[in-house]
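Have a look at the structure below, then the notes.
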Amino acid sequence: MGSWPLARRRQALVERGAIFSRIREFFQEKGYLEVETPFRIPAPAPEAQIDAIPASGWFLQTSPELCMKRMLAAGYQRIFQICRCWRDGERGARHLSEFTMLEWYRSEADYLVLMEETEALVQHAAATGSISYRGQQIELSGKWERITVANAFLRYAGTSMWPALAEGTFDEIMVELIEPNLGLARPTFIYDYPASCSALARLKPSDPTVAERFELYIGGLEIANAFSELIDPVEQRARFVAEAAERAAQGKTGYPMPEKFLSALDEMPEAAGIALGLDRLVMVLLDAEIIDEVVAFTTEEL
């Protein structure tokens, strides 16, 4: 009986493996180098809403982001990685505290370029023109929907995003009123987030109140988060200090400042990067009810 959950996932895991193979094929055809960076790091990015898990005096990575950006600074132009990441306190029907992330970074590109590339990647990985997820037929072929955060607030919440930010209800409105409406008929890119919601993203030159950041939603579920990279070490340090202060105000664990990453920003070219949750992508493509159905083991089963 103890092996039954593992045995009944066989078909899902076979299909998961095929999806991963097509993802690697996509990047190889695009001239990307597959890389590996350490799982245990001395200093994660001090983001207020993401908590790292301590590991022998260091931390398990919440993302390979900092190390991969240092590789960009060293001259690697197109890199991708499929790896394990950890975030404390994240567990639910759509969340795992240990999960598989796909991240890729591309020099001399911005978030708009990555939108196009993400669209092509998911279409290639899915190997089908449409899917059914939670009773909703979703068209993957053709051009996907693109909507700014500002317009999404007006359309789905009937309000401006700026008062929501000032009143501290931005996240609540996003979760309750906006996210459930995104990516239902076809996947949706929601972009141009408020600057204060984008700790590592470049501000938009034509409108510095927003950052060049997008998220991808399919069937109301967030799949990916991307942005044009901030490469100014002074501004990045100031944002990290602000995030660290917010963590302290919330009584959260403080992290060392990632000094080697900040030093590398002096050498980093203009670039864009993206983090895509592979467990969630597989969950959507296979129309799984919960994320547990598309991984070999959950923490509770170990």
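Just so you know, all these numbers are worked out from the coordinates, no wet-lab data involved. Given the structure is predicted, the values throughout are model-derived calculations rather than measurements. Here Cβ is always computed from backbone atoms with ideal geometry, including for glycine, and neighbour counts include all displayed protein chains.
In whole angstrom, how far apart do the alpha carbon centroids of segment 16-39 and segment 41-98 sit?
18 Å
Looking at the P(r) of the chain, how many percent of alpha-carbon pairs lie beyond 37 Å?
Summing the P(r) of the chain above 37 Å gives 12 percent of all pairs.
What relative contact order, as a whole-number percentage, does segment 4-301 give when Cα pairs under 8 Å and 6 or more residues apart are counted?
Normalised by residue count, the contact order of segment 4-301 is 24 percent.
Enumerate by residue number the GluC sites (Glu not before Pro) in segment 1-39 meeting two conditions: DSSP loop (anything except H, G, I, E, B), and at most 15 other Cβ atoms within 10 Å of the site's Cβ.
The qualifying sites are E36.
Post the alpha-carbon centroid distance, segment 227-302 to segment 107-178, in whole angstrom.
Using only Cα atoms to place each centre, the spacing works out to 19 Å.
So between L13 and E90, what do we pick up on full extension, going 0.36 nm a residue minus the alpha carbon distance?
Value of the extension gain: 25.5 nm.
Sum -39500 (n - 2.57) across every DSSP H segment of at least 4 residues in the chain, then divide by the residue count to get the 222 nm mean residue ellipticity, nearest 500.
Calculated from helices alone, the mean residue ellipticity at 222 nm is -9000 deg cm²/dmol.
So what's the net charge close to V295: Lys and Arg +1, Asp and Glu -1, counting the other residues with Cβ under 10 Å from its Cβ?
-3
Treating each Cα of segment 239-300 as an identical point scatterer and ignoring solvent, apply the Debye formula and state log10 I(q)/I(0) at q = 0.14, 0.15 Å⁻¹.
Each listed q maps to, in turn, -0.79, -0.83.
Quick check on the exposure proxy: order K260, K143, K204, K252 from fewest to most C-beta atoms within 10 angstrom.
K143, K260, K252, K204
In sequence order, what are the phi-derived ³J(HN,Hα) couplings for segment 235-251 according to the Karplus relation 6.51 cos²θ - 1.76 cosθ + 1.60 with θ = phi - 60°, rounded to whole Hz, with x for glycine and proline?
Each residue of segment 235-251 in turn: 5, 5, 4, 4, 5, 5, 4, 5, 5, 5, 5, 5, 4, 4, 5, 8, x Hz.
Can you tell me which of E215, E176, E243 moves the most in a GNM of the chain? Springs connect C-alpha atoms under 10 Å apart.
E176
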